[in-house]
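Down below is the structure, laid out as structure tokens.
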């Protein structure tokens with residue numbers, strides 16, 4: 001079964017496709033998308049911390065911020081007016097993420113914390129949480145029930161990606177800020193956790209991934225999810 005479908009109820013999308021994982025640089029890939037395409041952006045970009053896990057795995061472009069402002073500029077362009085962008089970020093680079101988002105045209109609408117039962121790292125503090133900004137383009141309506149800004153976090157084992165996110169809190173965000181049939185975009189999709197959450201919530205999804213191996217993992221993962229839902 002093909003996992004690619006033409007956008008429904010997204011006339012601005014033209015000939016673009018939904019339910020696909022695109023390989024390549026997200027700045028260039030998003031530049032080929034029409035403006036005002038996505039109903040929600042939910043993404044986990046590199047944290048700018050030169051991450052390396054215990055087995056030596058790294059994250060592409062985690063050692064530089066050259067991509068940050070251009071990526072946020074494209075995210076703002078492809079997001080529909082009066083919609084949200086939820087972006088995880090590294091607390092060490094808070095100012096850089098805020099500057100990039102604001103320069104692109106976003107404003108901060110909220111902040112989310114994901115509580116872990118384990119410490120993902122230890123230095124001066126034992127790190128028991130992840131964090132994400134809720135950015136807004138325009139003035140999103142209030143016709144939804146607000147979710148808590150503190151959500152749970154289950155350990156994934158990072159088996160598919162060195163910084164693999166759990167599906168459940170992502171699904172909660174998607175359910176809160178979109179309707180069935182809306183399009184969720186993840187321009188840094190990794191192994192596809194956001195896309196799996198969107199599929200679970202009966203939303204359209206579109207992912208972009210720079211690393212060819214992670215892109216293949218996400219495609220395989222989502223093909224299985226689509227098949228299971230058929």
What are the principal axis extents of the Cα atoms in region 84-141, in Å, biggest first?
38, 24, 10
Cα-based Rg (one decimal) and Dmax (whole number) for region 161-230, in Å?
11.2, 31
At 1.567 mPa s and 4 °C, Stokes diffusion of the chain via Kirkwood alpha-carbon radius, µm² per second
73
Taking only Cα atoms of region 75-174, the Rg to Rh ratio with Kirkwood Rh works out at 0.98
Theoretical ellipticity at 222 nm over the chain - DSSP helices of four or more residues, -39500 (n - 2.57) apiece, nearest 500:
-8500 deg cm²/dmol
How high is the relative contact order of the chain? Use alpha-carbon pairs under 8 Å, at least six apart in sequence, and give a whole percent.
25
Quick check on region 16-167: of the DSSP beta bridges with both residues there, what percent are antiparallel, nearest 5%?
65
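Taken together, the values in this text are just the output of simple stated rules run on the coordinates, not laboratory data. Note that the coordinates shown come from a computational prediction; the quantities given were computed from them, not determined experimentally.
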